[in-house]
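Below is one structure, written out as structure tokens, with a few remarks after it.
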Amino acid sequence: MDMTTHTPVTANGRAYPWPKVPAVAICLDGCEPAYLDVAIAEGLMPNLKRIRAAGTDRLAHSVIPSFTNPNNLSIATGRPPAVHGICGNYLFDPESGEEVMMNDVRFLRAPTVFQAFYDAGARVAVVTAKDKLRALLGAGLKFDEDRAIAFSSEKSGATTTAEHGIEKASEWLGMAVPEVYSAALSEFVFAAGVKLLEEWKPDVMYLSTTDYIQHKFAPEDQGAKSFYAMFDRYLGQLDRLGAAIVVTADHGMKPKHKADGTPAVIYAQDLLDEWLGAGVARVILPITDPYVVHHGALGSFATAYLPAGADRAGIMAKLAERDEITLVLTREEAVKRFELPADRIGDIVMISGENMTIGTSAHRHDLAALKEPLRSHGGLTEQEVPFIVNRRIDLPDAPVLRNFDAFFYACTAAAL
């Protein structure tokens, strides 16, 4: 079949041009724009420097909350959380009364761009660092026709053709299964992307990393510089293989610690317990995931469920008086401003500033695993992300340009 004659593929109301060459989107988890600026300035990213000059270089906005799951699924669907339903890594389910991880496909309310292309006959590859995203990103793909591959670095030693489209991916790649808390977890993603492009030739491919390095190292630190130099080598290979590539991020990253290196945090559950009574209100931190070594479940976005009859306006006013909190919104205001699903956030939303996080209760956060001063994300100050295309195309600037436009512009560039 002559793929150049394909009509555009529609996903969630957006029409994506059929790519003439592989369309690749890379999500560099936690990639504060400063990481790229520092690495390029020090001569560590010659390929990205060249691509920036010859292609198209912009800044875009992520979705809020600026966490991993909402933004990866926005990139995967081309739409905000109000459409796809994933508004955090973690949520409170009012029906069950339980707090649960939002990594099950049952929480996804929209098909992905990958599914739309697969259904149209394309070859689709998805490689993600952590397995928590793999099922969501691979939703709707079928692995019985050698047209879909979806696996994670984390579980690459146990992949099967039936469930992931590839048998024992780590052996196929010739790399050991990486440690979860390592730069190698992301390097595995890049290496897999290169081999897939060389040998399997997907029409559409998504590569999504982990932000372990960004939580651990500031842009000026050697650990960060080494990571971006490593990425640049793989980026050069992907570019030379002829793919149309968009490089973006799910969120930025900021220092969230005091001068003495201890975490800067306001414990919102403790405040609400003091004002309303112990356990009457419930604060939810959507950053929560199984990988607490990164951040101790401390981020800059939180939502709270209040008891029936509570003085919501009064509680919001008291929260707004706190210097640590920069924005307090009602559910209705947050839904409108941030395009969130109303049934999956609480009565109020709180956002802290550039160097502050929000916790629940002090005794509920195990911060012993934090070996470096806290760096985290979730708020408006981590919303600005890179958006770089290795071909010259017309792009708007932020805030019109969103990270979830990645596949639209990757496909646009690939169709030229």
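Observations on the model:
- Residue-count net charge about A268 - beta-carbon cut-off 12 Å; Lys, Arg +1, Asp, Glu -1: 0
- Annotation: amide H of S376 within the under-5 Å range of K254, K256, sequence separation 5 or more or interchain, hydrogens built in the peptide plane.
- Peptides 257-269, 125-137 ordered by average Cβ neighbours within 10 Å, highest first: 125-137, 257-269
- Alpha carbon convex hull of the chain, projected area averaged over orientations, nm²: 19.4
- DSSP-defined antiparallel bridges as percent of all bridges, the chain, nearest 5: 55
- Peptides 230-239, 204-213, 81-90 ordered by packing proxy, namely the average of other Cβ atoms within 10 Å per residue, highest first: 204-213, 81-90, 230-239.
- Shape of region 108-161, Cα gyration tensor, a/c cut at 1.5: oblate
- Inter-centroid distance (Cα atoms) of region 93-165 relative to region 195-246, Å: 20
- Rolling a 1.4 Å probe across all protein chains gives E324 an accessible area of roughly 50 Å².
- Considering only region 43-162, percent of DSSP beta bridges that pair antiparallel, nearest 5: 45
- The relative contact order of region 175-240, computed from alpha carbon pairs under 8 Å that lie at least 6 residues apart in sequence, is 36 percent.
- Relative contact order [Cα under 8 Å, 6+ residues apart], the chain, whole percent: 29
- The phi torsions of region 83-90, fed into the Karplus equation with coefficients 6.51, -1.76 and 1.60 and a -60° offset, translate into couplings of 8, 8, x, 8, 10, x, 7, 7 Hz, rounded to whole numbers, with Gly and Pro shown as x.
- Most mobile of E32, E98, E171 in a GNM of the chain (Cα contacts under 10 Å): E98
- With every protein chain in place, region 87-135: carbon and sulfur % of accessible area (1.4 Å): 43
- Per residue value of the accessible surface for the chain (all protein chains in place, 1.4 Å probe), Å²: 37
The values are calculated or read from the model by the stated rules, or taken from the named source; none is laboratory data. These figures come from a predicted structure and were not determined experimentally. For neighbour counting, all protein chains shown are included, and Cβ atoms are generated from backbone atoms with ideal geometry for every residue, glycine included. Only protein heavy atoms, including side chains, enter the accessible area calculation; ligands, DNA and RNA are left aside. Shrake-Rupley method; radii C 1.70, N 1.55, O 1.52, S 1.80 Å.
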